[in-house]
Amino acid sequence: MDIAFVYYDDSNFSDDMPTYSCKYEGTKLTGVHDFVINHPDIINQYDFFWLFEDDLYITYQSAQGIINFINTFKPSLSAPSLTHESFFSHPITLQCNPLLLRGCDYVECMSPIMSQAFLINTIEQFMDFPIWGIEKYWKHLLWEMQEVAFIYDKWPITHTKRMGAGSLYTVAAERKIDFLKDDARASELYSNKFGSTLTNILFGIEELIPPTLLTTSKLRETITPTRKNLETMYGSYGITTFGSILNSTNYHNTLFSQFLAFPKLKKLLFQEASPQVSNILTRDWLFGDYKENSVWCHNMRFSLDGYVMNYHHPNEYYWKIIDGNFVLLSKDNEITTVFNKQEVVDGKILLTGLHAHSTDNILYLREGHH
């Protein structure tokens, strides 16, 4: 691993003997842009680029753990989580101790690690969004590249300065950079397809062999111990902060919840699925009788290996995709319900279908959490 010091103030790194040391007027992101443009061969020399700010602390063990993971699984965009002692702006970045990592659609520009291809696709936007807003473009780019970002909970960093305390915001004032306006512009340009500017934690992974995939309610249950740590440190504000993390585990669109179909995740999760299956497996469902307006189960889920979970009835024991339709089967492997209609109602997926043994009995699966 080589180190480049790219700075925009009067810092002196001559004693540190970096591989590169360059000063550029502007911000961190415009400086990285200028550094790459002025060293045109550098992108081809490295597989990954870690844009690490100067007010961050990381242990050798965490840095090495991240590097080993990246060399194995080659994510396009990732970042370490923040320790609970850190100054933070976005609760999603805080460490969730029980997990190895979380897959999400957001990485803060504080310490992103990006692949060569991802950097090539975002380098020009560093000039358009020199302080705020770039993360919204990254969310758009992740979807376009069929990738998911990772936040590493096992390998955190500590942010040692509060927002606005460094020279970056002094530079912004001097150069009349309206970062709030930039952020709003990025939202307008890149968030429309998602129906929301909110960030999503798509899944968590526990450090087991094989890795355990956690989504929706199961993920929320697993990260609940994080609340106690935050409450101890921050009191009522910690509870609010944890609530923000918890709410991020919902899906606000049907795009990124197709992540099980993304090619690169096959290596990490030891499986892959179609977009349709991914949208089914990554949600909790209400299950009931549409005609009678009844709910038989409030948190039905479906396992990767074909089982119905959280509902114990011999008529709904397995699931499959048959002729493009989501199908429930009995314990005897007989088809009981074919859901042949899918729509989105009030932002939630709704499946409806007929029970095989009663043609006037319309059953439904409706997305439960949002």
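Just give me the residues in segment 164-190 being surrounded by 17 or more Cβ atoms within 10 Å (Cβ to Cβ), at pLDDT 80 or above and small (Gly, Ala, Ser), in sequence order.
Selection gives Ala186 alone.
For the structure I just gave you, tell me whether Leu268 is closer than 23 Å to Ile205 by Cβ and of a type in the set (A, V, I, L, M, F, W, C). Step through it out loud before you land on a result.
On the way: closer than 23 Å to Ile205 by Cβ: yes; of a type in the set (A, V, I, L, M, F, W, C): yes.
Judged against the criteria, Leu268 is a match.
Tell me which of these Phe69 doesn't satisfy, since it passes every other one: (1) touching a helix residue (DSSP H, G or I) at 6+ places or on another chain (Cβ under 7 Å); (2) under 23 Å from Asn200 (Cα atoms).
With (1) touching a helix residue (DSSP H, G or I) at 6+ places or on another chain (Cβ under 7 Å); (2) under 23 Å from Asn200 (Cα atoms) applied to Phe69, the lone miss is (1).
Each row is one residue, and each column tells you yes or no for (1) touching an Asp or Glu at 6+ places or on another chain (Cβ under 6 Å); (2) outside any helix (DSSP H, G or I); (3) over 22 Å from Trp155 (Cβ atoms); (4) in the same structural domain as Val107 (by TED's automatic domain parsing).
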residue	(1), (2), (3), (4)
Ala184	no, no, yes, yes
Gly204	no, yes, no, yes
Leu208	no, yes, no, yes
Ser217	yes, no, yes, yes
Tyr237	no, no, yes, yes
Phe242	no, no, no, yes
His252	no, yes, yes, yes
Ser278	no, no, yes, no
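Residues checked against (1) touching a Gly at 6+ places or on another chain (Cβ under 7 Å); (2) touching a residue at least 40 places away in the same chain (Cβ under 8 Å); (3) in a strand (DSSP E or B); (4) farther than 29 Å from Ala173 by Cβ:
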{"position": "Ile43", "(1), (2), (3), (4)": "no, yes, no, yes"}
{"position": "Asn68", "(1), (2), (3), (4)": "no, no, no, yes"}
{"position": "Ala79", "(1), (2), (3), (4)": "no, yes, yes, no"}
{"position": "His84", "(1), (2), (3), (4)": "no, yes, no, yes"}
{"position": "Phe87", "(1), (2), (3), (4)": "no, yes, no, no"}
{"position": "Cys109", "(1), (2), (3), (4)": "no, yes, no, no"}
{"position": "Trp155", "(1), (2), (3), (4)": "yes, yes, yes, yes"}
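Find all pairs meeting these conditions: Cβ atoms under 7 angstrom apart; at least six residues apart or on different chains; first residue within segment 214-230 and in contact (Cβ under 8 Å) with a residue 60 or more places away in the chain; second residue assigned to a helix (DSSP H, G or I) and aromatic (Phe, Trp, Tyr).
Short answer, once both residue conditions are applied: Thr226/Phe242; Leu230/Phe242.
Restrict the check to segment 266-275 and report whether at least one residue is under 22 Å from Tyr364 (Cα atoms), polar (S, T, N, Q), crowded, with 21+ Cβ neighbours inside 10 Å and not assigned by TED's automatic domain parsing to the domain that holds Ile201. Write out each step before concluding.
The first filter runs over segment 266-275 and keeps only residues under 22 Å from Tyr364 (Cα atoms), leaving 274-275.
Among the residues that remain, those that are also polar (S, T, N, Q) are: 274.
Those still in the list that are crowded, with 21+ Cβ neighbours inside 10 Å too: none.
Looking through segment 266-275, none of the residues is under 22 Å from Tyr364 (Cα atoms), polar (S, T, N, Q), crowded, with 21+ Cβ neighbours inside 10 Å and not assigned by TED's automatic domain parsing to the domain that holds Ile201.
Working only within segment 234-255, note down all residues that are of a type in the set (S, T, N, Q) and out of contact with any Leu (no Cβ under 6 Å at 6 or more places or on another chain). Give the steps one after another, and end with the answer.
Of segment 234-255, the ones of a type in the set (S, T, N, Q) are 236, 240-241, 244, 247-250, 253-254.
Matches in segment 234-255: Ser236, Thr240, Ser244, Asn247, Ser248, Asn250, Asn253, Thr254.
Given the criterion under 16 Å from the mean Cα position of the chain (by Cα), modelled with pLDDT under 90, more than 24 Å from Ile58 (Cβ to Cβ) and crowded, with 16+ Cβ neighbours inside 10 Å, identify the matching residue among Leu198, Leu141.
Details: Leu141 fails: modelled with pLDDT under 90.
The match here is Leu198.
For residues that are surrounded by 17 or more Cβ atoms within 10 Å (Cβ to Cβ) and of a type in the set (A, V, I, L, M, F, W, C), tally how many sit in segment 201-211.
Filtering segment 201-211 for residues surrounded by 17 or more Cβ atoms within 10 Å (Cβ to Cβ) gives 201-205.
Right, trim to of a type in the set (A, V, I, L, M, F, W, C) and you get 201-203, 205.
Of the residues in segment 201-211, 4 are surrounded by 17 or more Cβ atoms within 10 Å (Cβ to Cβ) and of a type in the set (A, V, I, L, M, F, W, C).
State which residue pairs qualify: first residue touching a residue at least 12 places away in the same chain (Cβ under 8 Å) and inside segment 345-367, second residue basic (Lys, Arg) in any location, beta carbons under 6 Å apart, and separation of 6 or more residues or different chains.
Leu350/Arg366; Thr352/Lys341; Ile362/Lys291; Glu367/Arg283; Glu367/Lys348
For segment 281-306, which positions are surrounded by fewer than 18 Cβ atoms within 10 Å (Cβ to Cβ), in contact (Cβ under 8 Å) with a residue 24 or more places away in the chain and over 23 Å from Phe203 (Cα atoms)? Even if it seems obvious, please write down each step before you answer.
Of the residues in segment 281-306, the ones surrounded by fewer than 18 Cβ atoms within 10 Å (Cβ to Cβ) are 289-296, 298-299, 303-306.
From what's left, in contact (Cβ under 8 Å) with a residue 24 or more places away in the chain: 289-291, 298-299, 304.
Result: Asp289, Tyr290, Lys291.
Every residue, every condition in (1) surrounded by 14 or more Cβ atoms within 10 Å (Cβ to Cβ); (2) farther than 21 Å from Tyr106 by Cβ; (3) touching a Gly at 6+ places or on another chain (Cβ under 9 Å), yes or no:
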{"position": "Leu213", "(1), (2), (3)": "yes, no, yes"}
{"position": "Thr216", "(1), (2), (3)": "yes, no, yes"}
{"position": "Leu219", "(1), (2), (3)": "yes, no, yes"}
{"position": "Thr222", "(1), (2), (3)": "yes, no, yes"}
{"position": "Thr232", "(1), (2), (3)": "no, yes, yes"}
{"position": "Ser236", "(1), (2), (3)": "no, yes, no"}
{"position": "Gly243", "(1), (2), (3)": "no, no, no"}
{"position": "Thr249", "(1), (2), (3)": "yes, no, yes"}
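The values are calculated or read from the model by the stated rules, or taken from the named source; none is laboratory data. The model shown is predicted, which means the values in this text are computed figures rather than measured ones. Here the Cβ is made from the backbone with ideal geometry for all residues, glycine too, and neighbour counts use every protein chain on show.
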